[in-house]
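Visitor: Quick one: this structure, given as structure tokens, is what I'll be asking you about.
The values are calculated or read from the model by the stated rules, or taken from the named source; none is laboratory data. Treat the numbers as computed from the prediction; the structure is a model and nothing was measured. Please note: Cβ atoms are built from the backbone with ideal geometry, for glycine as well, and neighbour counts cover all protein chains shown. Quick note on the areas: whole protein, heavy atoms, side chains included, nothing else; ligands and nucleic acids left out. Shrake-Rupley method; radii C 1.70, N 1.55, O 1.52, S 1.80 Å.
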Amino acid sequence: MTASSTTPAPLRLLAVHAHPDDESSKGAATMAKYAAAGVDVMVATCTDGSRGDIQNPAVEGEPHPKRDMAGARRLEMERAAAILGVSQRWLGFVDSGLPEGDPLPPLPAGSFATLPLQRAAAPLVRLVRSFKPHVILSYDENGGYPHPDHIMAHRVAVEAFESAGDSSRYPDAGEPWEPSKLYYDRAFSPERFRALHFALEEAGLQSPYAERLAAWLEADAEGHTPPPATHPTTTQVDCGDFFEVRDDALRAHRTQVDPLGFFFAVSPEMQRRAWPWEDYSLIRSRVPSELPERDLFAGLR
């Protein structure tokens, strides 16, 4: 088994995401910062995004996404990756869609979230063994939010982190490689939303976060704080200088992102003043590292 901590530079970071556009709304400024500093950054996109709805009114009348949503999103992903300065690989699975109704309908047969774990994880294990990342980023057990593909992306990321260094597992997926650190992204951190909400209010601007904060406060009997996170923040990456890059990458996903919508409610400059970080939970580390951290590669440099 190869020990990642002894491998010479460049350092390598692999972010595992469910759909094209997730990489630009979760951890994008972090990836852009590390890529600009010479880290080899790769995004693994689990699904083709083919069951995504058009979220941008300006794209409603365009024929390409109506005819071939997966093809349109492939082009969007290519543009976003170029903006972020990262490489990207498709794992080759079909979007499961987001079921709606009561009771919920079954997921489409053969879609990503319906697959046995080992079948779904095998391409990612192969990618980990070939790319040899020192750090893997993914979602928590809830998927960041409970989309079935996000939950499956979490499961395959953990499976790959635990299995890629074991020669007895996935024996046909290449030479073993053991990543050193596994993080969960906290893009939906209540602390961050609260800081942005108050920054907007102090500036006399309307906040789009009020409803979400109210829902969190309802879970607190005293009504003072959001509910504690399952995985609290251990690591904050100061990446405010790359918020514009993140926003440009997000706007590249034209079918999925309204440029006048929620994600752009707070200017990058205001975000730099209120919350200039992206937040992560360190879940596993095979190298010594002291908490709290300011670097995903703490203990590896």
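Visitor: Say R0 is 22 Å: what FRET efficiency, to the nearest 0.05, do His231 and Glu162 get from their beta-carbon distance?
Guide: Working from the Cβ atoms, E equals 0.85.
Visitor: Between Asp238 and Asp258, what FRET efficiency comes out of the Förster formula 1/(1 + (r/R0)^6) with R0 = 41 Å and r the beta carbon distance, rounded to 0.05?
Guide: After rounding, the FRET efficiency stands at 0.90.
Visitor: Now, a different point. According to the square roots a ≥ b ≥ c of the eigenvalues of the Cα gyration tensor, what is the shape class of segment 240-301, taking rounded for a/c under 1.5, prolate for a/b larger than b/c otherwise, and oblate for the remainder?
Guide: Since a/c reaches 1.5 and a/b is larger than b/c, the shape of segment 240-301 is classed as prolate.
Visitor: Shape call for segment 107-191 from the C-alpha gyration tensor, a ≥ b ≥ c root eigenvalues: rounded (a/c under 1.5), prolate (a/b greater than b/c) or oblate?
Guide: Because a/c hits 1.5 or more and a/b fails to exceed b/c, segment 107-191 counts as oblate.
Visitor: Just to be sure I understand: of the beta bridges DSSP finds with both ends in the chain, what percent are antiparallel, rounded to 5?
Guide: DSSP beta bridges in the chain are roughly 30 percent antiparallel.
Visitor: Is the shape of segment 45-154 rounded, prolate or oblate, going by the alpha carbon gyration tensor and its root eigenvalues a ≥ b ≥ c, with a/c under 1.5 for rounded and a/b larger than b/c for prolate?
Guide: Here segment 45-154 falls in the oblate category.
Visitor: Just to confirm, what accessible area per residue do you get for the chain at 1.4 Å probe, in whole Å²?
Guide: 46 Å²
Visitor: For Arg119 and Glu100, calculate 0.36 nm times their separation in residues minus their Cα-Cα distance, and state this gained length in nm to one decimal.
Guide: 4.2 nm
Visitor: Testing the spin-label approximation: label points 7 Å from Cα along Cα→Cβ at Glu175 and Leu205. State their distance in nm.
Guide: Here the modelled spin labels are 5.1 nm apart.
Visitor: How far apart, in nm, are two points set 7 Å out from the Cα along the Cα-to-Cβ line at Glu60 and at Ser267?
Guide: 3.0 nm
Visitor: Can you give the FRET efficiency for Asp248 and Asp68, using 1/(1 + (r/R0)^6), R0 = 22 Å, r = Cβ-Cβ distance, to the nearest 0.05?
Guide: For Asp248 and Asp68, the calculated efficiency is 0.35.
Visitor: Here is a follow-up. Work out, step by step, the length gained on full extension between Asp295 and Ser87: first 0.36 nm times the residue separation, then minus their alpha carbon distance; give nm to one decimal.
Guide: Length difference between fully extended and current span is 72.8 nm.
Visitor: Run the accessible area of segment 102-197 with a 1.4 Å probe and give the carbon-and-sulfur part as a rounded percent.
Guide: Heavy-atom surface of segment 102-197 belonging to carbon and sulfur, 1.4 Å probe: 53 percent.
Visitor: Give me the net charge for the shell around His231: Cβ to Cβ below 15 angstrom, other residues only, Lys and Arg +1, Asp and Glu -1.
Guide: After counting each charged neighbour, the total is -2.
Visitor: Suppose the chain between Ser130 and Glu191 were pulled fully straight at 0.36 nm per residue; how much longer would it get relative to their current alpha carbon spacing?
Guide: My answer for the length gained is 18.3 nm.
Visitor: Using a 7 Å offset from the Cα along the Cα-to-Cβ direction at both Ala109 and Glu78, what is the distance between the two label points in nm, to one decimal?
Guide: Between Ala109 and Glu78, the label points sit 3.4 nm apart.
Visitor: Report, to two decimal places, the Cα Rg of the chain normalised by 2.2 N^0.38 Å (N = number of residues).
Guide: This ratio for the chain stands at 0.99.
Visitor: Order 15-22, 157-164, 192-199 from most to least packed using the mean count of other Cβ atoms within 10 Å.
Guide: Ranked by mean Cβ neighbours within 10 Å, highest first: 15-22, 157-164, 192-199.
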